[in-house]
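Just below is one structure, and these are the notes that go with it.
The values are calculated or read from the model by the stated rules, or taken from the named source; none is laboratory data. None of these values were measured; they are calculated from a predicted model. A quick note on method: Cβ atoms are made from the backbone with ideal geometry, for glycine too, and the neighbour counts reach across all protein chains shown.
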Amino acid sequence: MGHVVARVLLKGFKNSVELNALVDTGASITIIDKDLADFIGVEYTSRERTLVTASGEVLRGRVAVIREFIIEGEFLDYERVLVVNFNENVKKILRGIGVSDLVILGLTTVESAGFIPDTSTGKLKKTEMFLF
């Protein structure tokens with residue numbers, strides 16, 4: 001199975017950054033590195049979460065809000081993310097894939113922007129939003 005990569009623009013309360021991010025088809029929430037959160041300026045909530053990476057590493061972080069999250073040109077206002085300290089092993093894996101070592105996109109964020117990951121092309125596919 002191939003990797004899915006998306007172009008994202010994160011606009012915080014202080015700064016903005018644009019980068020290529022890995023779409024993690026097994027993650028529900030988007031996670032960003034604390035260094036990135038500090039640079040762009042996020043607003044923290046009172047919630048904390050713990051997650052386990054595919055390699056079995058446990059990451060604990062705080063839920064925060066990014067002012068504007070743009071995925072492949074689609075805007076999301078005040079998007080929730082989990083801020084964690086990516087360890088060097090996680091960063092090395094991300095760099096090896098050829099994406100930023102500061103953010104991993106979760107499916108909730110991707111789907112909220114109206115996309116689904118297409119592992120056959122390695123890109124996001126625009127989809128219509130619908131209700132059952």
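Some points to look at:
- Residue within region 50-69 that is under 18 Å from V110 (Cβ atoms) and of a type in the set (F, W, Y) present: yes
- Of all residues in region 75-97 being among the acidic types (D, E) and surrounded by fewer than 16 Cβ atoms within 10 Å (Cβ to Cβ), the one that is farthest from P117 (Cα to Cα): E88
- Qualifying residue in region 72-81 (condition: in contact (Cβ under 8 Å) with a residue 60 or more places away in the chain, in a strand (DSSP E or B) and touching a helix residue (DSSP H, G or I) at 6+ places or on another chain (Cβ under 9 Å)): no
- 2 or more residues of a type in the set (D, E): qualifying strands (runs of 3 or more DSSP E) within region 1-58: 43-52
- Matching residues in region 59-71 - criterion: being surrounded by fewer than 17 Cβ atoms within 10 Å (Cβ to Cβ) and either under 13 Å from the mean Cα position of the chain (by Cα) or touching a residue at least 60 places away in the same chain (Cβ under 8 Å) (or both): V63, V65, E68
- Here N20 does not fit the description of being farther than 28 Å from T119 by Cβ, touching a residue at least 24 places away in the same chain (Cβ under 8 Å) and surrounded by fewer than 20 Cβ atoms within 10 Å (Cβ to Cβ).
- Options G96, G122, G106: the member that is on the phi > 0 side of the Ramachandran plot and among the small types (G, A, S): G122
- Subset of region 34-58 that is closer than 21 Å to V5 by Cβ and touching a helix residue (DSSP H, G or I) at 6+ places or on another chain (Cβ under 8 Å) - its residue that is surrounded by the fewest Cβ atoms within 10 Å (Cβ to Cβ): S55
- Considering only residues in region 32-60 that are at pLDDT 95 or above and β-branched (V, I, T), the one that is nearest to N87 (Cα to Cα) turns out to be I32.
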